[in-house]
Amino acid sequence: MKNEITYTQQGDYLLPNFKLPEQPKVKIGIWGKRHERYIKQHHKIRYFNLLTSCKLTAYLADIDREATEMYDRIVQQLAKQEEITEHLKSEDLMLWVRHMNNIRNRAAEIVYKDLIYV
């Protein structure tokens, strides 16, 4: 079986018609999309190597899963450490919201620093 390469004329150049194989359809969450945007802008070689080797989708899905697990674990640990409980939520909702927003923001910063922007 012979694979022939076809070309398309672009101005004075003949460019090969390459098509990447289909990658599996995997839903990538916010963490994976942020990491994709970061490596696309700041680590172009890594991005294009993953893209052309058809590993980008699986890589981003792994990053997203790992970041989500890390975020959830950190939020739970910080809430437990700072004694932010359901009892506080029932007594003073606004105080609980303030503390939880602070914890979520700190957890997100840790995930960004350790997984997303590396």
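The values are calculated or read from the model by the stated rules, or taken from the named source; none is laboratory data. Quick caveat: nothing in here was measured; it's all calculated off a predicted structure. Cβ placement follows ideal geometry from the backbone for every residue including glycine, while neighbour counts extend to all protein chains displayed. Ligands, DNA and RNA are stripped out before the accessible areas are found, and what is left, the full protein with its side chains, is counted by its heavy atoms. Shrake-Rupley method; radii C 1.70, N 1.55, O 1.52, S 1.80 Å.
A few notes on this one:
- Phi angles across segment 110-117 convert, under the Karplus curve 6.51 cos²θ - 1.76 cosθ + 1.60 with θ = phi - 60°, into 3J(HN,Hα) values of 5, 5, 4, 5, 8, 10, 7, 9 Hz, Gly and Pro given as x.
- Cross-link partners of Lys33 among lysines (Cα-Cα below 24 Å; sequence separation of 8 or more within a chain): Lys19, Lys25, Lys44, Lys55, Lys113
- Mean separation of Cα pairs under 8 Å and 6 or more residues apart, divided by the residue count, gives the chain a relative contact order of 24 percent.
- Accessible area of Leu95 in the full protein assembly, 1.4 Å probe (Å², nearest 10): 50
- Alpha carbon Rg of the chain, scaled by the compact-globule rule 2.2 N^0.38 Å: 1.63
- Spin-label pair Lys80-Ile45: with each label point 7 Å from Cα along the Cα-Cβ axis, the two points sit 4.2 nm from one another.
- Segment 1-85: GluC sites (Glu not before Pro) falling in loop per DSSP and having at most 14 other Cβ within 10 Å: Glu4, Glu22, Glu82, Glu83
- Modelled label positions at Tyr13 and Asn105, each set 7 Å beyond Cα in the direction of Cβ, lie 4.7 nm from each other.
- Here's the list of lysines a cross-link from Lys89 could span, going by alpha-carbon distance under 25 Å and ignoring same-chain residues fewer than 8 apart: Lys80.
- Formal net charge of residues neighbouring Arg98 (Cβ-Cβ distance under 15 Å; K, R +1; D, E -1): -1
- Residue with peak Gaussian network fluctuation, the chain [Cα springs, cutoff 10 Å], from Asn101, Asn17, Asn49: Asn17
- Accessible-area composition of segment 19-118, carbon plus sulfur, in percent [1.4 Å probe]: 55
- Estimated vicinal HN-Hα couplings, Hz - segment 28-43 in sequence order (Karplus 6.51, -1.76, 1.60; Gly, Pro = x): 10, x, 4, 5, x, 5, 5, 5, 4, 4, 5, 6, 5, 8, 10, 9
- At a probe radius of 1.4 angstrom, the accessible area of the chain per residue rounds to 78 square angstrom.
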